[in-house]
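The values are calculated or read from the model by the stated rules, or taken from the named source; none is laboratory data. Note that the structure is predicted; figures quoted are calculated from it, not measured. Virtual Cβ from ideal backbone geometry, glycine too; neighbours counted across all protein chains shown.
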């Protein structure tokens, strides 16, 4: 009997289900504990900087508070420069890239240093949030455990997503929102087989958080009251405002990043300068320092801030968060999105209460809905935004206006800025993800990139004989037909002329039921439309005015565009190889793209003849549309792009061989 029980116990312990379930529980516990420690350290450093340090220098003047973020910037900049190094795609976007392209393998060895840098950044008052670093903590814990247990790529991805869900659950005490965050953003699909493990991890993390910190949510929110259906137009207006604000926020983040990347000064000076700007603004608006949860709570409860102060905080946060992130501070964009939404909604609520006193609206309710609307418009995760705010309120009555404003904000934001904060970071490195996976080749080219702008047209008042002569001269089988105002009315093809019979004018023979395309559509959509109607050309028109002709998309243009798409795909495959290789190499070894210049020492030589440093590896070569692994007899050419695995000195040696030498340039 004892032997049977022992055998059964061994079978259970070795079973796959228990291994996976136990892993999810471990990830949830470790992520919850990690996020709890991370938040405690932020409070400790914040008290040290704004209590201890400011207490020492405050006798010199209140303006000395501006130096605190600058001091934090110097420390973070030095950590970044000497200990962490350059990171091409960071934060949640980096996790999304790893899950899609590298099997969820993250450099978890760096997470302690990154967490310290984030603690100093937020504690010193930089205008960034703690959620993205928290997500990195959870995701890296999941990746570390899965890699240690030598799990498959699918299970590594699952535990990474479980860690991310656990982190959001711990940060907001909102486990359901954490699950949707992992599904919408990290995995990119709702109907995932990993749902069970993600749920287990998020619940475990939330239980741990409630055990050590209490069951109260991140924000104390008063009872919401919905008085009248006439409030819905006001929530529509709030959504219409939140959409452009979200799009502006996204664009400013990357504009600031480009500015700082192009500023040729030491990295620590960039971060110090960003901190000084935040510090100067904080002299007049101390609410912009750090996370801003206290200000959000004040808006949601008392809402005793003036309209002009709310407007000033809105503008300041939209500007200072991009400056902080671009300057090199470690942190996230999640909390600033909530701050911006709270100030926008709170200010809008004050205006609505003043203009429509009979509706008895509560400005705090608009602040709450504004938070969800701006968050959804920024990260393009509407379910996460709705569920998060619902969990914070535990009030079903707010769901309808919440969903309404979120949907409107998302639609407007996507119309202005197609990519979310995270997707745009990936797109700038040639990565386009759809449901967490790579995008089909023709989805990477837009109609506006491929259409012919300078195209001939036919007037509807012209005769068919003149039209036939125009078609012969332009060598086209069909042309758009426009009226006297230049507005599209139809299309005339050679087949239309042949079927015209005794008709005389273009207006009588042209086809008026025209299939069109929009410049912001992808080519695969236009191609399906062409195939459905069996036509060889599509007039391209403006969305806001379907009669305004912008150009023409023909089959020849599609062929050229496909050629461009294949070239882009090769570049993307090359980048994917680099990402996978980078995930498998030690943290202190660089994986870099090196372009072979004209007249470089290695041009025209075989790999076996080139004295590459011993501590370097040429992993692959991209040549035109080909990506291949080089061999000893492979001859390198100018324009080849090498994926090089090497440390600093070895990489410098490879660069010397691949760059144009001074002797060659002087010849």
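Filter the stretch 586-596 down to the residues that are in a loop (DSSP other than H, G, I, E, B) and crowded, with 16+ Cβ neighbours inside 10 Å, then identify the one that is modelled with the lowest pLDDT.
589
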Checklist entry - If you go through the stretch 182-190 one residue at a time, do you hit one that is in contact with a strand residue (DSSP E or B) (Cβ under 8 Å, 6 or more places away or on another chain), at pLDDT below 90 and at positive phi? => result yes
Next on the checklist: Condition first: touching a strand residue (DSSP E or B) at 6+ places or on another chain (Cβ under 7 Å) and farther than 12 Å from residue 610 by Cα. Now tell me which residues in the stretch 649-659 satisfy that.
Outcome noted: 650, 651, 655, 659
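Return the only residue of 169, 182 being within 21 Å of the chain's Cα centre (by Cα) and closer than 18 Å to residue 100 by Cα. Break it down into steps so the answer makes sense when it comes.
On the way: 169 fails: closer than 18 Å to residue 100 by Cα.
The match here is 182.
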Checklist entry - Exactly one of (1) under 29 Å from residue 412 (Cβ atoms); (2) out of contact with any helix residue (DSSP H, G or I) (no Cβ under 7 Å at 6 or more places or on another chain); (3) in the same structural domain as residue 361 (by TED's automatic domain parsing) is unmet by residue 258. Its number? => result (3)
Next on the checklist: Given the options 99, 74, name the one that is closer than 23 Å to residue 185 by Cβ and touching a helix residue (DSSP H, G or I) at 6+ places or on another chain (Cβ under 6 Å).
Outcome noted: 99
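From the residues in the stretch 249-284 that are outside any helix (DSSP H, G or I) and without any contact (Cβ under 8 Å) to a residue 12 or more places away in the chain, which one is surrounded by the fewest Cβ atoms within 10 Å (Cβ to Cβ)? Show your work before the answer.
Residues of the stretch 249-284 that are outside any helix (DSSP H, G or I), as a first pass: 263-266.
So of that shortlist, the ones also without any contact (Cβ under 8 Å) to a residue 12 or more places away in the chain come out as 263-265.
On the way: 263: 13, 264: 6, 265: 10.
Looking at residues that are outside any helix (DSSP H, G or I) and without any contact (Cβ under 8 Å) to a residue 12 or more places away in the chain, I get 264.
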Next on the checklist: List the helices (runs of 4 or more DSSP H) inside the stretch 481-561, counting only whole elements, that have at least 2 residues being crowded, with 19+ Cβ neighbours inside 10 Å and touching a residue at least 12 places away in the same chain (Cβ under 8 Å).
Outcome noted: 506-509, 523-533
Item to check | Matching residues, the stretch 453-475, being surrounded by 15 or more Cβ atoms within 10 Å (Cβ to Cβ) and touching a residue at least 60 places away in the same chain (Cβ under 8 Å) | outcome: 455, 457
Checklist entry - Residues of the stretch 107-142 being assigned to a loop (DSSP other than H, G, I, E, B) and more than 17 Å from residue 80 (Cα to Cα), which ones? => result 125, 127, 130
Next on the checklist: I'm told residue 603 meets every condition in (1) surrounded by 17 or more Cβ atoms within 10 Å (Cβ to Cβ); (2) in contact with a helix residue (DSSP H, G or I) (Cβ under 8 Å, 6 or more places away or on another chain) except one. Can you identify the failing condition by its number?
Outcome noted: (2)
Checklist entry - For the stretch 261-291, which residues satisfy the criterion of being within 14 Å of residue 319 (Cβ to Cβ) and within 23 Å of the chain's Cα centre (by Cα)? => result 274
Checklist entry - Applying the selection to the stretch 133-150, what residues are in contact (Cβ under 8 Å) with a residue 40 or more places away in the chain and either surrounded by fewer than 24 Cβ atoms within 10 Å (Cβ to Cβ) or within 20 Å of the chain's Cα centre (by Cα) (or both)? => result 133, 134, 135, 136, 137, 138, 139, 145, 147, 149
Next on the checklist: Scan the stretch 173-192 and tell me whether some residue there is within 29 Å of residue 270 (Cβ to Cβ), touching a helix residue (DSSP H, G or I) at 6+ places or on another chain (Cβ under 6 Å) and in contact (Cβ under 8 Å) with a residue 24 or more places away in the chain.
Outcome noted: no
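Has the stretch 311-322 got any residue that is surrounded by 20 or more Cβ atoms within 10 Å (Cβ to Cβ), more than 30 Å from residue 79 (Cβ to Cβ) and at pLDDT 95 or above?
Pass one, the stretch 311-322, residues surrounded by 20 or more Cβ atoms within 10 Å (Cβ to Cβ): 313-314, 316-318, 320-322.
Of the ones still in play, those that are also more than 30 Å from residue 79 (Cβ to Cβ) are 314.
Checking the rest, the ones that are also at pLDDT 95 or above come to 314.
So far as the stretch 311-322 goes, yes, one or more of its residues are surrounded by 20 or more Cβ atoms within 10 Å (Cβ to Cβ), more than 30 Å from residue 79 (Cβ to Cβ) and at pLDDT 95 or above.
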Item to check | Single unsatisfied condition, residue 448 versus (1) assigned to a loop (DSSP other than H, G, I, E, B); (2) within 30 Å of residue 416 (Cβ to Cβ) | outcome: (1)
Checklist outcome for this item: The condition of being crowded, with 19+ Cβ neighbours inside 10 Å, part of a helix (DSSP H, G or I) and free of Cβ contacts under 8 Å to residues at least 60 places away in the same chain holds, among 386, 406, 369, only for 386
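Go through the stretch 293-304 and give me each residue that's touching a residue at least 60 places away in the same chain (Cβ under 8 Å) and not in a helix (DSSP H, G or I).
From the stretch 293-304, those touching a residue at least 60 places away in the same chain (Cβ under 8 Å) are 293, 296-297, 299-301, 303; that's our starting set.
Result: 303, single match.
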